[in-house]
1. Could you tell me which residue of region 590-610 is nearest to Ile564 (Cα to Cα), considering only residues that are in contact with a Ser or Thr (Cβ under 6 Å, 6 or more places away or on another chain) and assigned to a loop (DSSP other than H, G, I, E, B)?
2. Here is a list of conditions, (1) closer than 21 Å to Gly130 by Cβ; (2) under 18 Å from the mean Cα position of the chain (by Cα), and Pro278 meets all of them except one; can you say which number that is?
3. Can you find, within region 574-601, the residue that is nearest to Val520 (Cα to Cα) among those that are under 34 Å from the mean Cα position of the chain (by Cα) and among the hydrophobic types (A, V, I, L, M, F, W, C)?
4. Within the set of pairs 6+ apart or on separate chains, which have a first residue in region 432-453 that is under 19 Å from Arg515 (Cβ atoms), a second that is small (Gly, Ala, Ser) and loosely packed, with under 11 Cβ neighbours inside 10 Å, and C-beta atoms under 6 Å apart?
5. Could you grab me the full set of residues in region 468-482 that are open to solvent by less than 60 Å² (accessible area, probe 1.4 Å) and part of a loop (DSSP other than H, G, I, E, B)?
6. Does Val494 satisfy the condition of being free of Cβ contacts under 8 Å to residues at least 40 places away in the same chain, out of contact with any Pro (no Cβ under 7 Å at 6 or more places or on another chain), assigned to a strand (DSSP E or B) and under 24 Å from Phe636 (Cα atoms)?
7. Test Val49 against the criterion of being modelled with pLDDT of 50 or more, assigned to a loop (DSSP other than H, G, I, E, B) and open to solvent by less than 70 Å² (accessible area, probe 1.4 Å), and give yes or no.
8. Might you check whether a residue that is assigned to a strand (DSSP E or B), closer than 22 Å to Glu354 by Cα and modelled with pLDDT of 95 or more occurs anywhere in region 442-452?
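The values are calculated or read from the model by the stated rules, or taken from the named source; none is laboratory data. Every value quoted in this text rests on a predicted model; they were computed, and no experiment measured them. Every residue, glycine as well, gets a Cβ built from its backbone with ideal geometry; the counts of neighbours run over all protein chains shown. When the accessible area is computed, the model is the full protein with side chains, heavy atoms only, and any ligands, DNA or RNA have been set aside. Shrake-Rupley method; radii C 1.70, N 1.55, O 1.52, S 1.80 Å.
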Amino acid sequence: MALCLLLPTFVGCDGAEDTSKAVSETQSETSSEASNEESEDETVEREVVLRFVAMSDVHVSNVNDTYYQRFGKAMNNAYKYAEGEEYKNLDALLVAGDMTGVGYESEMKAFKKGVDEFVREGTTVQLITGNHEFFYEEGDHIVERWETVMDQKANTHMVINGYHFIGVSLYGYTNYEPSIAWLEDELKKAAEDDPTKPIFVQQHYHISNTVYGSDLWGTDVFTSILNKYPQVIDFSGHSHYPINDPRSIWQGRFTALGCGTLAYFELEPGMVYGSIPPNASTAAQFYIVEVNNDNSVKIKLYDVITESFFDMEYFIEDPSDKTTFKYKNDRAKDADKPVFADGAEITVGKVSNESVTLTIPQATDGENIHSYRFDFYVGDKLDSSASIWSEFYFKNMPETLTQEFGGLLEGTEYTVKVTAIDSWGKESEKQLTATFKTGGTNVPVDKTSDVPEADVLQIVVGDNKATDGSRKDKTVEHINGVKVVFDEETGRNVLDFNGVDQDLIVRYTRGEFNRITEQVSMTLGFKLDKFASSYCNPFANMQSGGYGFEINTASGNLEFWCSINGTYQIVSMKIEEGKYYNVAGVYDGTELSIYSEGEKVASKKVSGAITYPSVDAALAFCVGSDISGAGSGEGFFDGKIAYASVYSYALSDAQVKNICDAEK
């Protein structure tokens, strides 16, 4: 294996490190002859003169984990492919950051051991930092530690077989500041060396508004620099979006590619299971990039799980000539529409009071079937919609898809219509349809009564445990021995939480949460025994979405949080230790309010849709904590809770007062 700092350094381009491989006399003569022939005759046979692997987001924790083994498998298969080609070299490996899980030194050393074990002599390695290298802690010492372990500088400019490779690192979780001017200088040097050759750049974050995923997981700090150089081919990671979506290559004023992941898929939010699909960890994709003697570039897409190439590849005819670019945004207008086969139909499976299981066959499309939208109608009125991915990211894409959809109305006849959608947003003209009826009886919620029904959740404290008194009758998980005690002050049984590891968890489906997007209310009776070191949550569903109550130790405030249009809005009130409070949080679609003892104490004008956690495991209410991304508690509360309820609608001022009086 040849790491850049261990190789002899040759004069490259104003100090750029030249790690070019030795070329035999015969090869040199052949290249020279080809160059002469090209000037006389434009039909020159293409020959590969450079080959490298580009990957990202490996997330190694230790030498025994799955991701370490996948990295080894990826490299072994890349070498095996190269050995079967006329040009047999694998000249370089690019890893666009996030080689670790959280940035521990032990993880860095584990990944470096993988490089030493799986990368062979003759392959130059260019690594850069990603945000996960700073997940555990930030600071200059982390960069220094990374450089020491990886035996490279964080920012590197290498010349390999006459082609420039520029690696741009983060210097903190989102900090590219030390790299901006440096990149501009290095790109200028590379372009002056030969303006017709592609220049390969890698940084961890996508360049915003370029490749698939860059709208949510991008940075724009380098855009103005890269725009000056059409010959740049930029590689990035971070999003974990699949490489076999056609949007994972983009050409505008330069070329960009998203490198996927060797760890787990994550895609755009909004699906029935959030942004992380089922079997997400069955993900391992990377590129094998080949540069020809005429500077054209072929990019082959490889799936490590099946040990085979995808049935698509990208080809860049002339990286320095924007007029030849074919992977532009206008590809969308020429895309065809998905089509369901004649005779395709929906299979209706298990139907319960609030859910249905449906199976559909895959549609076909000239580009890529991305997802399916399921629209549930009651009569002529659209009641709800939900979407699932086609699982296009798996090389062995299934022929049919089966999904359970929850949050439906009881005792209701539905017509479901399914639309196929491709990566460009084109929808099938033909929809699949089916009808079914949910079980039970649909009894509308009376939202006008003086003390209305808590239709989503009503925590009732009994003699030795808590139960859900709402119509949903949800299972209430008691974690780590939550105690029920009789409270003399209130004259009732209450839940006593230790502030360390005790809570209640009540789980929901995404369909159930998706029915609550316009309004919501929460009520809570509690006493804080002791402030936490920074914050705690007496009652919440807040993991990058949702709503709940949080106690801010620094301010001494109880805060009501609600994620509206993807951003948390907060109202608050002062509280003290050792005092009981009856509080409510209400969002009515135009205003967010917090109440104490039946009186509104703070509010703010805000409007928009309520948004929820993207991870299915976080679709739960916690009493005595908040929900984590793993589906367990965090932000544990030290104190007593007498009741906790959730309503799918906005309570009026009078109703809040009536509930408070009833609970006192």
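1. Per the criteria, the residue is Ala609.
2. Only one criterion in (1) closer than 21 Å to Gly130 by Cβ; (2) under 18 Å from the mean Cα position of the chain (by Cα) is unmet by Pro278, namely (1).
3. Val586
4. Every condition considered, no pair remains.
5. Residues satisfying the conditions are Gly469, Ser470, Lys472, Lys474, Val476, Gly481, Val482.
6. On the way: free of Cβ contacts under 8 Å to residues at least 40 places away in the same chain: no; out of contact with any Pro (no Cβ under 7 Å at 6 or more places or on another chain): yes; assigned to a strand (DSSP E or B): yes; under 24 Å from Phe636 (Cα atoms): yes.
Answer is no for this residue.
7. Answer is no for this residue.
8. Our first condition is that a residue be assigned to a strand (DSSP E or B); within region 442-452, this holds for none.
No, because not a single residue in region 442-452 is assigned to a strand (DSSP E or B), closer than 22 Å to Glu354 by Cα and modelled with pLDDT of 95 or more.
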